[in-house]
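Here is the structure we will look at.
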Amino acid sequence: MAYKSAISIADALRSSGRATVRGWVYRKRELKDKIFIVLRDSTGIIQLVFSRGTPAFDVAQRLNLESSLVATGILKEEPRAPGGKEMHVESVDWYYIGSPYPINEDAAQADSEYLLDVRHLWLRSRKMQAVLKIRHTVFGAVHEYFRRNGYYEVQGPMFITAAVEGGATLFKVPYFDDFVYLTQSSQFYLEALIFSLEKVYTIAPSFRAEPSRTRRHLTEFWHAEAEMAWYHLEDLMRVNEELISYVVSKVLEERRDELKMLGRDAAPLENIRPPFYRISYDEAIEILQKKGVKINWGDDIGADEERILTLQFDKPIQLYGFPEKIKAFYHRNDPKRPEVTLSVDVLAPEGYGEIIGGGERIYDEGELVDKIRRFGYDPKDYQWYIDLRRYGSVPHSGFGLGVDRLVMWIAGLEHIRDAVPFPRDIRRKYP
Ligand code: ATP
Ligand code: MG
Ligand code: MG
Ligand code: MG
């Protein structure tokens, strides 16, 4: 099998003499006596040159974009070719002629709905390749951060019976002669696990029936969540800063080429290291009011307000101390100021906004039951969650990081859909 002896295109660009490469036709240009094919694999692109009168030329003539082939030839310096080298093809060792390819990466056909319809093909584009490699590095770095800092990886269930983040965005699923919901967050299950393992994390999908299409919401997203026994808000904010800074530093270390390919200016990322800005909800309201935003203490800070806030600063913001009524019931209230919670959101800079939501959890049984009632829920629906506080409770904190949003910001993407191979939203469940 000729393709077994092929080397990667990245390696071919570093070699000389005779080599075999394999991949897909990325570009094709036909002259009178020559055909130029830019071949693509997972590592890069290289220009192949076919000369008229050879059997290889006849094959090259018949290849459409994205047809696959294995070719052997001689590598020569060519400053005008991508990567500074081209291969003069001696033989085509294997090929598969594809139908005419329906996407033209250069053309104005970059209409986003069409590219979503053919997402299974669009994944081959150099843009998606770059995003997917950055995404790979981001997921790896999140795992590394947690594993190097003493967290155990755990898994919660995807089928659940009670809302974590409010009933409005629950997906209901038939379950034998009953029904269940798809999980919105693994938080409660992670909280149960801290009593066994103290510091735990998971990277899992979360599902939310988000009714509108925004640039940062999907109905299925990847959620990195952690819960830590004995941690207070201050400790949590340190973790947030370290985790985000670590991930960004890994991307800068491994994915410079991909950032460049996406036209992502790396300069704002170079700046990402602890400490981040810490701004209280009260201060945020003042800043927004000074900017002319009509907002009052107690109002939620939405995507538009987050954008305005982040544009004032050159690093992420840890926005803390949200009023009780705009945060979920499980957030612990500040004992010194009960109308606010010990909660924190991390807002990514450059207008991106919320990537992390977290805070101290209520650890006292009576306090939790009171708050569940105050929020109009029935403690019976949260029986096992309340139970956790009945047998040796401890102060603890945790957070959820939207990994797709993190990729979106780091890669400098317009839309969260661009950060995910097969995005799901209210209008899109195919392919
Ligand atoms: P938002 O205010 O943007 O709706 P949220 O406050 O509802 O987000 P949390 O419940 O705090 O989100 O979830 C933790 C993190 O999960 C968020 O900070 C975000 O990064 C991510 N996340 C939440 N909802 C979505 C979604 N629909 N699509 C993608 N990521 C999401
Ligand atoms: Mg939400
Ligand atoms: Mg929010
Ligand atoms: Mg949140």
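Distance check, please: which entries in K336/K371; K133/K429; K291/K371; K199/K380; K34/K133 exceed 25 angstrom between their Cα atoms?
On the way: K336/K371 17 Å; K133/K429 23 Å; K291/K371 35 Å; K199/K380 28 Å; K34/K133 34 Å.
Result: K291/K371; K199/K380; K34/K133 exceed 25 Å.
Going 7 Å from the Cα of R27 along its beta-carbon direction, which residues of segment 44-82 have the amide nitrogen within less than 16 Å of the resulting point?
Flagged as within label range: 44-50, 65-66, 78-82.
Quick one: if you take sqrt(5λ) for each eigenvalue of the C-alpha gyration tensor of the chain, what semi-axes come out, biggest first, whole angstrom?
Working: eigenvalues 499, 102, 81 Å².
Output for the chain: semi-axes of 50, 23, 20 Å.
R361's amide H: which non-local residues (gap 5+, or another chain) put their own amide H closer than 5 Å, with H modeled 1.01 Å from N in plane and none for Pro or chain starts?
It is R332, H396, S397, G398, by chain and number.
Cross-link partners among aspartates and glutamates for K85, C-alpha distance below 15 Å, same-chain residues fewer than 8 apart left out?
Straight-line reach from K85, under 15 Å: D11, E77.
Sorted from largest down, give the three principal axis spans of the alpha carbons of segment 178-223, whole angstrom values.
For segment 178-223, the Cα extents along the three principal axes come out at 39, 32, 11 Å.
Quick check: pseudo-label points 7 Å beyond the Cα along Cα→Cβ at F159 and F313, how many nm apart are they?
4.3
If you put +1 on each Lys and Arg Cβ and -1 on each Asp and Glu Cβ, how big is the dipole of segment 2-96 around its Cα centre, in Debye rounded to 20?
Working: 15 positive and 11 negative charges, 29 e Å.
Dipole of segment 2-96, to the nearest 20 debye: 140 debye.
Does anyone have the angle between helix 233-254 and the longest principal axis of the chain? Alpha-carbon axes, 0 to 90°, nearest 10?
Approximately 0 degrees, to the nearest 10.
Of G358, G44, G17, which has the largest mean-square fluctuation in a 10 Å C-alpha GNM of the chain?
The residue that fluctuates most here is G17.
With a point put 7 Å past each Cα toward its Cβ, work out how far R147 is from D265 in nm, to one decimal.
3.6
Go ahead and set up a Gaussian network model of the chain, Cα springs under 10 Å, then flag whichever of R14, R361, R390 fluctuates most.
Fluctuation is largest for R14.
Can you grab the distance from the C-alpha centre of segment 78-99 to the C-alpha centre of segment 287-364, Å, no decimals?
Between the Cα centre of segment 78-99 and that of segment 287-364, the gap is 54 Å.
For the chain, with only Lys/Arg (+1) and Asp/Glu (-1) charged at the beta-carbon, what is the dipole magnitude about the Cα centre, in debye rounded to 20?
Working: 60 positive and 64 negative charges, 319 e Å.
Taking the Cα centre of the chain as origin, the dipole is about 1540 debye.
Restricting everything to alpha-carbon atoms, can you work out Rg to Rh for segment 280-409 with a Kirkwood hydrodynamic radius? Present the calculation step by step, with values, prior to reporting the outcome.
On the way: Rg = 16.2 Å, Rh = 15.9 Å.
Expressed as Rg/Rh, it is 1.02.
At what distance in nm do the modelled label points of W297 and D370 sit from each other, each positioned 7 Å from its Cα along Cα→Cβ?
2.2
When we measure straight from the Cα of K325, which aspartates and glutamates land under 16 angstrom away, once same-chain ones fewer than 8 places off are left out?
Excluding near neighbours in sequence, the set is E165, D282, D299, D300, D334, E339, D345, E360, E367, D370.
Towards the positive end of the charge dipole of the chain, with charges on Cβ (+1 Lys, Arg; -1 Asp, Glu), say which of A81, Y189, L309 has the farthest Cα.
Of the candidates, A81 comes out farthest on the positive side.
Please name which of L388, Y352, N333 has its Cα lying farthest along the dipole of the chain towards the positive end, using unit charges on Cβ (Lys, Arg +1; Asp, Glu -1) and the Cα centre as origin.
Selected residue: Y352.
Within segment 357-375, list the residues whose amide N lies under 20 Å from a label point set 7 Å along Cα→Cβ of R238.
357-361
Readers should treat all values here as calculations from the given coordinates under stated rules, not as data from a laboratory. Worth saying up front: this structure is predicted, and the values here are computed from it rather than measured. Positions of Cβ are generated from backbone atoms using ideal geometry, with glycine treated the same way; all protein chains shown enter the neighbour counts.
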